[in-house]
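This report refers to the structure that appears directly beneath it.
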Amino acid sequence: MVLLPFLIHTDSPEKVCVQLTHLNESVTLSATLEYQGENRSLIDDVVSEKDVFTCIPFSLPKSNSTSPVTFITVTVKGATLQFRSRKSVLVKNSESLVFVQTDKPIYKPGQTVLFRIVSLDKDFRPLNEDPKRNRLYQWTKAELKRGLIQLSFSLTSEPMQGTYAVVAQQASGKTVRHPFSVEEYVLPKFEVTVKMPKVITILDEKLTVTVCGLYTFGKPVPGLVSFRVCRKFERAATTCYGEEARAVCDEFSGQTDNYGCISETVKTKLFQLKRSGYENKLHVEAKIKEEETGVELTGTSFSEITTTISKVTFEHSDSHYKPGIPFFGQVKLVDGSGAPIANEVVRISLQGSQTTNYTTDEEGRARFALNTSTLYFDSVGIRRKELHPYCYDRSWVVPYYEEGYLHLKRFYSPSKSFLKIEPKTETLTCGSSTEVRVHYIFTPEAIGEQKKIVIYYLVSLHLPYSEVVTANSNGVFLLQLPVQTDIAPVAQVLVYTTVPSREVIADTTKFNVEKCFKNKVDLNFSASEGLPSSDVHLLFRASPNSLCAVRAVDKSVLLMKSEADLSPSSVYSLLPVKELRDYNYGPDTVSEEPLENCIPLKKIVVDGITYSPVVEVNEEDTYSILKVYPSCMVREWTVQPQRLYATASTPEEVTETIRKYFPETWIWSLVSISSEGNADLDVTIPDTITEWKANAFCTSAETGFGLSPTVSLRAFQPFFVELTLPYSVVRGESFMLKATVFNYLAACIRVSVTLAQSTHFLATPVEKEEESHCLCENGRKTVAWLVTPKSLGQVEFSVSTEALQNQQPCGNAIVETPEKGRKDTVIRQLLVEVCGLWEGRTDCLGLVSPSGEPVKEKFSLLLPSNVVQDSGRAYFSVQGDIMGTAMQNLHQLLQMPFGCGEQNMVLFAPNIYVLDYLNKTEQLSEEVKSKAIGYLVSGYQRQLNYKHPDGSYSTFGPRYGQLGNTWLTAFVLKSFAQARPHIFIDEKHIQDALVWLSYKQKENGCFRSSGTLLNNAMKGGVDNEISLTAYITIALMEIPLPVTHSVVRNALFCLETAADEKENHVYTKALMAYAFALAGKEEKRKALLGSLEKEAVKKGEYEFATQEYSAPCATGRMRQNK
């Protein structure tokens, strides 16, 4: 007998097992695998023992074949014994299991995205895409350290908002995507939850809806609750008729209780649950408006409406029965919501035979065993049935009581001998051992005079175990099954024996195993609660020498946008194969030996019992068991705690706490585990009053991947102040700044609240200022100011609250003064934006003084009358060489691109020229290089906002219905091509622009103008077809495209025709001269330069060209000394 997995993974340890019994002579055993055009010998040994069981390990390299089918041949040769078997198997290349983790699911503009890519291989390339699927960053040949890598990239300050994705691409081309969002947001301070039944039936007359508000630091939210319960129509009327024409709704409202909740009983009569024409859902949208601040947040939930009143299902039941061995099974009875129905009688009927009643347990389950000794049918059905009256009306729905049905096939054995593994309904726990009962029937036709039977059993093709049983006619024996992590999530158990009649008697079953990992990872904070700015330890336990990746994020971020948790289930879902069935593998079906010599596929009758051929669907045999037996599941795979607030009487000994560090991601680190299997990370708790969620995963060369449960730490102090701020405001516009003081001390206190004065804003109290406010236990007080920002950028607001030593009572309560922690100051920043559009002007002048006498020039510094206050700036510089400005004022020449599609590119391009010049003159410092590349990356990201789907670009992009502009598209094409040596530019954007421009080429080689350009200076003040063609030709040749390229060749033909004309503008001639220089057409270049020299204006020692044009965004004067 030969055992091997029918699906073999390359670069993975596999084995083939061979069993020989009842040998009477020495034989030669050989096994050969036909793989990639050659025969690989797995074993070639002489066997002298009477009985032998051996397993041969092997591994296959990656396959380059297009067909996954290969063959193994086993040969046994002796003096009288000759045996040969050739079987087909599937070979599949192993692929690493890859997942991506970001430090959080949502980001603000300008923030840095931190991410990890985890894999057991390292042949992949990570990259990043934005909402338009534009590639923004790319890392090639990324090297992993122990199966993972950490990378990061910064978002521009004005990115396109929406969903982005980190994409990991493996060498095979397979990609793994992990989405994240970019939005302008303010983190929520509390969570609104709606609790209601997941499912209700059409017979339910009422349901309970509970709405709760809870701060992220665990305290209840006081406020007004309002919620609506709605059932929508299947076909809603138009919006003209209002919401009542789209749904039936009921409204509720009330104040939260001491637990931050409100509960209401909702009667279902209004929603006509038995009526058709509605959606089968009840939707609830709840809002909580926080007391005093007016901050309102929303939570939603829904209940499904079902017509199913009860449902019975068969669990963990086989698809066949073996005559003479009881059939074991289990049923589960649940109501329409899925809740188990306990102590209910369930009637199990075996078709044409027995009917038995069973009572469900507390979980709604009932186990049963049916006698099969009297069954002789090819197939039978088991049914659980209830009788209920039904009626029908097209306008109404009726209750439904769902039955369970199980179809069984008879198992065939020529000797009527069987093995049967008793099923287990529970999920097996890793690291344990479980007892398995095996029923057997051995007939004299099978075992003859044999007194002992050796039973072999395997678990997911691990090393075989054996059990010796007495050759009784029937009975039960027990097996001890070790539950190891490498058999999860499904353990395939095979029990078999070979008997003298040359029959293989076998059975197989599956046991569910918990999703676990060999690398046991444990993560804990040294304390579950801590003060802001205090130190705490993060304790790790994992396999020795593991590398662990840990993340801790503010709970508010997860409330803002939920994400799929990294869990054992999510990791196991990456498995390419969870459970194998039969031999079909896509279009490739593994074929066995030719069927020409097989017996006819006819039914046979033995002892009055009719048997069908194995290819028919009504019967199974031992061959079908062994045929589907898979391989194992393949997986590529001393601290002092801080003293906390135990009670309100023991706060930390500080006179004042100043809180100004409010990260959204607290911890994002790689931690190496020691050889003892532990690590200790010292961290400082941020200043946010919130709950921090932390988890970690680890990788090890020895034990593989492991994952910790999520742990929490609450950053809290019993007396503090919080600010309510918007995401941003406009300078000069007033907004309401609110500061709320919370008191969770077990005493009443009197507090003062002050906003620190600043020259950056003007603040006026909304209400009359009071010297102090009374706050008792769990009390709060909100103070508001009307604030008008006076400065731009990030403006700082500092609010302090102090518990005063004041003897004035709070009503009838005595005021106490905390001895420690009396004052809390919170410092927050708010983005203040300018109202208006940025505009700049540069005047350039070359000065020459041959005699050494002073030279004077005047520049106008007059600002427009409508200039935004404090936004005007003026700079001047004098340098003694032509590149002086570039060399001495790089901080001005290198600018962060911003603004519309034109402004962005005007600022983008100089960064390239500075980098090129400094690099070629060997003057490029790392500081300048880093700054310029950062600006290029930001400008590249931003420019993609103005790209049209056809590959062109316009001033404001496709959102405003503009056509793509030829001048701007050529400028982008030219600049992106020149930026490629410095930053990653997706080649697709260059090709898209090239294709679009080529469609604008006319038959005479010239280019048609398309779209509008606001800044006329970008095209030299000249708007004609020849200038446009010359500019596009230059851009194409700087990609570079060869002169022989059809688009370039035709464009040069257009320019050559135009070069002979006398009416060309000076700027047009200059462009054509440069285009001919790039094309290597010297005669044309010289002729145009000669013409330009004739038109030059001479003034003293100066020689320059002049041309009148309109330039609304910039003006310039340039004098060239010949």
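Laboratory data are not the source of any read-out in this text; all were calculated from the coordinates shown. Just so it is clear, the model here is predicted, and its values are computed rather than measured. Backbone-built Cβ (ideal geometry, glycine too); neighbour counts: all protein chains shown.
Couple of notes before you dig in:
- Charged-residue dipole, Cβ positions (Lys, Arg, Asp, Glu), segment 719-833 about Cα centre, Debye nearest 20: 100
- Cα-projected label distance for SER253 with ASN512, points at 7 Å along beta-carbon direction, nm: 4.7
- Two-site FRET efficiency, HIS1045 against ARG1008, from Cβ-Cβ distance with R₀ of 22 Å, rounded to 0.05: 0.70
- Inter-centroid distance (Cα atoms) of segment 409-462 relative to segment 175-197, Å: 51
- Shown for GLU656, GLU158: other C-beta atoms within 10 Å of each C-beta, ranked fewest to most, produce the order GLU656, GLU158.
- Gain in span if fully extended, SER157 to SER569, counting 0.36 nm per residue against the direct Cα distance: 144.6 nm
- Between segment 664-734 and segment 839-859, the Cα center-to-center distance that results, in Å: 57
- Diffusion coefficient of segment 747-793 by Stokes-Einstein, Kirkwood radius over Cα pairs, 25 °C, 0.890 mPa s: 196 µm²/s.
- Between LYS267 and ALA79, the simple spin-label model (points 7 angstrom out along Cα→Cβ) gives 9.8 nm.
- FRET efficiency estimate (nearest 0.05) - Cβ-Cβ, PHE302 to VAL766, R0 60 angstrom: 0.90
- Taking the three principal axes of the alpha carbon atoms in segment 719-833, the coordinate ranges are 47, 26, 21 Å, sorted in descending order.
- For the pair GLN150 and ILE658, label points projected 7 Å from Cα toward Cβ lie 2.9 nm apart.
- By the beta-carbon count within 10 Å of each Cβ, the least crowded to most crowded order of MET1, MET1037, MET1072, fewest first, is MET1, MET1037, MET1072.
- Figure legend: label point modelled 7 angstrom from the Cα of THR817 along Cα→Cβ; residues of segment 767-798 with amide N under 18 Å from it are 771-776.
- Extension gain, LEU963-SER791: 0.36 nm per intervening residue step, less the Cα-Cα distance, totals 58.1 nm.
- Residue-span extension gain [VAL468 to ARG367] - 0.36 nm each, minus C-alpha spacing: 33.4 nm
- Our note on the geometry: Cα centres of segment 307-338 and segment 33-53, 45 Å apart.
- Over all directions, the projected convex hull of the C-alpha atoms in segment 647-793 averages 13.3 nm² in area.
- Ordering VAL438, VAL490, VAL513 by the projection of their Cα atoms onto the charge dipole of segment 413-516, which places +1 on the Cβ of Lys and Arg and -1 on the Cβ of Asp and Glu, puts VAL438 at the extreme positive end.
- Cβ crowding within 10 Å ranks ILE202, ILE8 as ILE202, ILE8, fewest other Cβ atoms first.
- FRET efficiency estimate (nearest 0.05) - Cβ-Cβ, SER562 to LYS198, R0 22 angstrom: 0.80
- Segment 190-303: projected area of the alpha-carbon convex hull, averaged over directions, in nm²: 7.7
- Which listed pairs, of LYS561/LYS947; LYS219/LYS790; LYS1002/LYS1084; LYS206/LYS515; LYS174/LYS332, have C-alpha distances above 32 Å, in listed order: LYS219/LYS790; LYS206/LYS515; LYS174/LYS332
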